[in-house]
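First comes the structure, then the notes that go with it.
The values are calculated or read from the model by the stated rules, or taken from the named source; none is laboratory data. What you are looking at is a predicted structure, and each value in this text was computed from that prediction instead of being measured. Reconstructed Cβ throughout: ideal geometry from the backbone, glycine too, with neighbour counts over all protein chains shown.
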Amino acid sequence: MALVGAALKLLLLLLWLKLNALAFCQGKSSHNRWENEYPFIKAASSFSSSSSSSSSSSSSGREKTYDYIIVGGGTAGCPLATTLSQNYSVLLVERGDVPFGNLNVSHLNNFHISLVDTSRTSAAQTFISTDGVFNSRGRVLGGGTAINAGFYTRASTRYVRNVGWDGKLVNESYGWIEKQIVHRPNLAPWQMAVRDSLLEVGVSPFNGFTYDHLYGTKVGGTIFDKFGHRHTAAELLASANPEKLNVLIHATVQKIVFDTIGKKPKALGVIFKDEHGNKHTAFLSKRRGSEIIVSCGAIGSPQMLLLSGIGPKAELRKLNISVVLDNVFVGKAWLTTP
């Protein structure tokens, strides 16, 4: 038994060394490539409120400010930053690293490794819900698109209608994303078996391959290409205006800063820590309509509001957080998908 145990340990060690060697080689060769393609992505420690070329100057002429500050560079944050940068100065802050060159993110056969990696540098952050269910949230530029199973579908027309969006505008907004990162899947035998089983038990009609959200059975899109390489939301930043966009990685936002003198609180900027633990403050411009957009995910967004003083007054005071706005609904009625 001791011999078997030693052999197993040796095998695991060799596997670990191989994976790390591959990761090192790919990471090194990919580093210059992504820096050339995304020159606006910088480490949080490089931030200076007076030297950012893609921001707007404040009235003082020295301090740099932004028309939009987006907290969270995930599935929503990356395309938001890209589209807004066409006309406005944007700062996108993300607490994680880039996905580029990370074998555990970019290869279909490896994506489960991130989900079991509990280190602080993992692209996935494991958590356990109050009812004991294990889950993961993205901790990387690209967010959930860097750690999920890669299925892609458009929103249902009913959902779009219920939230009051312009259906025509929504449909026009899908195209550029689908062109850049979405693919038609090559179905594995087990996937074909699932498709056929759904049809056999009456989940019909069969809608074939489509991105549309339709009743029945369909084959949807995937963000894995035919070679098994993942394409995350971070790649959408390639379409941004590099003169108008700054992206900071390893930037952990502590809270949103508010002006509470007037009748209604007004967001001014964000305080974040860089990879060395140093604090920085980024401010919004005085342009009418400037906004801070919170896109930290289903868990992170209400958490950010609570840390910033927006939420149930009693709970905030219990945590010694100054109340900016009493709102009993923040952080409540959160449900996971079944």
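Please verify whether the range 246-262 includes one or more residues that are assigned by TED's automatic domain parsing to the domain that holds residue 90 and acidic (Asp, Glu). Yes; the residues of the range 246-262 include at least one that is assigned by TED's automatic domain parsing to the domain that holds residue 90 and acidic (Asp, Glu).
Screening the range 138-245 for helices (runs of 4 or more DSSP H) wholly inside it with 3 or more residues that are within 30 Å of residue 66 (Cα to Cα) returns the ranges 167-181. Taking (1) closer than 18 Å to residue 99 by Cα; (2) in contact with a Gly (Cβ under 8 Å, 6 or more places away or on another chain) in turn, residue 240 satisfies each apart from (2).
Right, residue 286: among the basic types (Lys, Arg) and touching a residue at least 60 places away in the same chain (Cβ under 8 Å) or not? It is true that residue 286 is among the basic types (Lys, Arg) and touching a residue at least 60 places away in the same chain (Cβ under 8 Å). Here's a check for you: in the range 310-338, which residue that is farther than 25 Å from residue 75 by Cα and among the small types (Gly, Ala, Ser) is nearest to the chain's Cα centre (by Cα)? Looking at the filtered set, the residue picked out is 322. In the range 201-215, the residues that are in the same structural domain as residue 159 (by TED's automatic domain parsing) reach residues that are assigned to a strand (DSSP E or B) with C-beta atoms within less than 6 angstrom, at least six apart or across chains, in these pairs: 203/217; 206/217; 207/218; 209/219; 210/218; 211/221; 214/207. Looking at 123, 76, 146, 81, just one residue is surrounded by 13 or more Cβ atoms within 10 Å (Cβ to Cβ), under 14 Å from the mean Cα position of the chain (by Cα), within 25 Å of residue 242 (Cβ to Cβ) and free of Cβ contacts under 8 Å to residues at least 40 places away in the same chain, and that residue is 123. Only one of the listed residues (248, 199, 236, 169) is out of contact with any helix residue (DSSP H, G or I) (no Cβ under 8 Å at 6 or more places or on another chain) and surrounded by 12 or more Cβ atoms within 10 Å (Cβ to Cβ). That residue is 199. For the residues 306, 268, the requirement of being assigned to a strand (DSSP E or B), without any contact (Cβ under 8 Å) to a residue 40 or more places away in the chain and assigned by TED's automatic domain parsing to the domain that holds residue 74 singles out 268. Checking the structure you have, find out if any residue of the range 134-144 is of a type in the set (A, V, I, L, M, F, W, C) and modelled with pLDDT under 95. Checked the range 134-144: at least one residue is of a type in the set (A, V, I, L, M, F, W, C) and modelled with pLDDT under 95.
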